[in-house]
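Read the structure below first, then the notes.
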Amino acid sequence: MDGVSFTRRLFTLIGLVLLQVLFLNRIALFGYVTPLFYIWMIVRFDSSMSRSSILLWSFFLGLIIDVFSGTPGLNAASATLLAMFQPGIVKLFVSLDRHDVVVPCSAVMGSRPFAGYLLFVTVLHHTVYFILRSIPLGDWTVLVLKVVFSTLLTFVFMLVAESVSSGSGLKR
């Protein structure tokens with residue numbers, strides 16, 4: 001990894017941690033809905049990154065969120081699990097040649113496959129996170145409500161972020 005991409009990822013990590021800890025963790029709509037937008041960094045890892053790099057960046061992202069959120073290991077575990085499956089999930093939504101480098105985004109994947117990819121990874125992450133947070137498993141209804149509505153809010157935030165970052169919105 002070159003110095004520019006390392007620095008870019010480091011600033012992205014810092015920005016997402018600050019956004020999550022200072023603003024998004026304070027959102028608790030109806031006591032169930034909290035956006036976990038920090039997974040945006042994991043979602044956007046390109047196909048040229050090694051699996052170990054993806055796992056390390058994701059683990060440290062989750063660990064830093066845990067330190068500032070008071071959630072001992074929940075974010076680190078769910079972010080690392082998402083990172084473990086992220087390269088395979090990207091392959092489900094876009095066909096890759098061995099030499100293609102794909103940055104998951106609507107411009108490369110198309111709007112519908114990218115939205116499907118975002119929804120899939122968000123459901124995976126949030127399901128793991130809220131199951132770990134709910135141990136011992138008590139009220140399944142509350143767990144399902146938290147997963148569904150937090151997933152939807154995070155999904156909407158990520159679609160907005162993609163629309164803003166692409167500059168052209170979700171066309172195609």
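Please treat every number below as a calculation from the coordinates, not as lab data. These numbers were taken from a predicted model, which means no experiment stands behind them. Note that each Cβ is placed from the backbone with ideal geometry, even for glycine, and that neighbours are counted across all protein chains shown.
In table form, for the structure just shown:
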{"item": "Where trypsin sites (Lys or Arg not before Pro) fall in DSSP loop in segment 43-132, at most 14 other Cβ within 10 Å", "result": "R98"}
{"item": "Local net charge near A77, Cβ-Cβ under 11 Å (Lys/Arg +1, Asp/Glu -1)", "result": "0"}
{"item": "Segment 1-73: C-alpha gyration tensor shape, a/c 1.5 cut-off, then a/b vs b/c", "result": "prolate"}
{"item": "Helix-derived mean residue ellipticity, 222 nm - over the chain, DSSP H n ≥ 4, -39500 (n - 2.57), to 500", "result": "-22500 deg cm²/dmol"}
{"item": "Stokes-Einstein diffusion coefficient of the chain, Kirkwood radius over Cα pairs, 37 °C, 0.692 mPa s, in µm²/s", "result": "200 µm²/s"}
{"item": "In sequence order, calculated HN-Hα J values of segment 75-85 (Karplus, 6.51, -1.76, 1.60; Hz; x Gly/Pro)", "result": "5, 4, 5, 6, 5, 5, 5, 4, 4, 5, 9"}
{"item": "Chymotrypsin sites (Phe, Trp or Tyr not before Pro) restricted to DSSP loop in segment 1-69 with at most 12 other C-beta within 10 Å", "result": "F23, F30"}
{"item": "Vicinal HN-Hα couplings computed from phi for segment 143-159 (Karplus, 6.51 cos²θ - 1.76 cosθ + 1.60; Hz; Gly/Pro x)", "result": "4, 5, 4, 4, 5, 5, 6, 5, 4, 4, 5, 4, 4, 5, 4, 5, 5"}
{"item": "Sequence-separation-based contact order of segment 3-166, relative, with Cα cut under 8 Å and 6+ spacing, percent", "result": "25 percent"}
{"item": "Per-residue ³J(HN,Hα) for segment 105-116, Karplus 6.51 cos²θ - 1.76 cosθ + 1.60, θ = phi - 60°, Hz, x for Gly and Pro", "result": "7, 5, 5, 8, 8, x, 5, 5, x, 5, 5, x"}
